[in-house]
Amino acid sequence: HCVNLFKSLAIVVIEAMASAKPVIVSDTSGVAEVIKDGVNGFRVCSRNPKQIANKIRMLIQDSQLRKRVGEKGRDFVHSNLSWERFATDCEEAFQKVLRKNSVKQVISKKIGSE
């Protein structure tokens, strides 16, 4: 159940980014890998409530920062995590497997005919 909870939280972060909402994530979460602190979201140290509060305060006080970081987050999601990108990546992976299997079949036939 914990794994599903963490996956769900990552999806929530990605959905918030896709909606141009600035996000704050723990540096220990998996989604932190795609967050460039202060660019497309904010990273905070795990279990550091003061740091989290400071980021929230900063976002409340600076509407331009909220907008800029939110837009960068949306741009990141649209460029890297869209369904179109996912489909393209899957197709490329399938093509690679098919090419690899085709080579194996040619080699097997050649070895079998000798």
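The values are calculated or read from the model by the stated rules, or taken from the named source; none is laboratory data. In this text the structure is predicted, and so the values were computed from the model without any measurement. Cβ coordinates were reconstructed from backbone atoms using ideal geometry, including for glycine residues, and neighbour counts include every protein chain displayed. Accessible surface is based on the protein model in full, side chains and every heavy atom, while ligands, DNA and RNA are left aside. Shrake-Rupley method; radii C 1.70, N 1.55, O 1.52, S 1.80 Å.
Given the criteria surrounded by 15 or more Cβ atoms within 10 Å (Cβ to Cβ), at pLDDT below 95 and in a helix (DSSP H, G or I), does VAL97 qualify?
Judged against the criteria, VAL97 is not a match.
With respect to ASN80, determine if the residue is open to solvent by less than 100 Å² (accessible area, probe 1.4 Å), modelled with pLDDT of 90 or more and either out of contact with any Cys (no Cβ under 6 Å at 6 or more places or on another chain) or closer than 17 Å to ALA18 by Cβ (or both).
Working: open to solvent by less than 100 Å² (accessible area, probe 1.4 Å): yes; modelled with pLDDT of 90 or more: no; either out of contact with any Cys (no Cβ under 6 Å at 6 or more places or on another chain) or closer than 17 Å to ALA18 by Cβ (or both): yes.
So ASN80 does not fit the description; no.
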Going residue by residue through region 43-56, is there one that turns out to be open to solvent by less than 40 Å² (accessible area, probe 1.4 Å) and outside any helix (DSSP H, G or I)? yes
Selected residue (criterion: least open to solvent (accessible area, probe 1.4 Å)) from residues of region 24-42 that are among the aliphatic types (A, V, I, L, M) and in a loop (DSSP other than H, G, I, E, B): ILE35
Can you tell me which residue within region 60-77, out of those that are within 9 Å of PRO22 (Cβ to Cβ) and not basic (Lys, Arg), is most open to solvent (accessible area, probe 1.4 Å)? LEU65
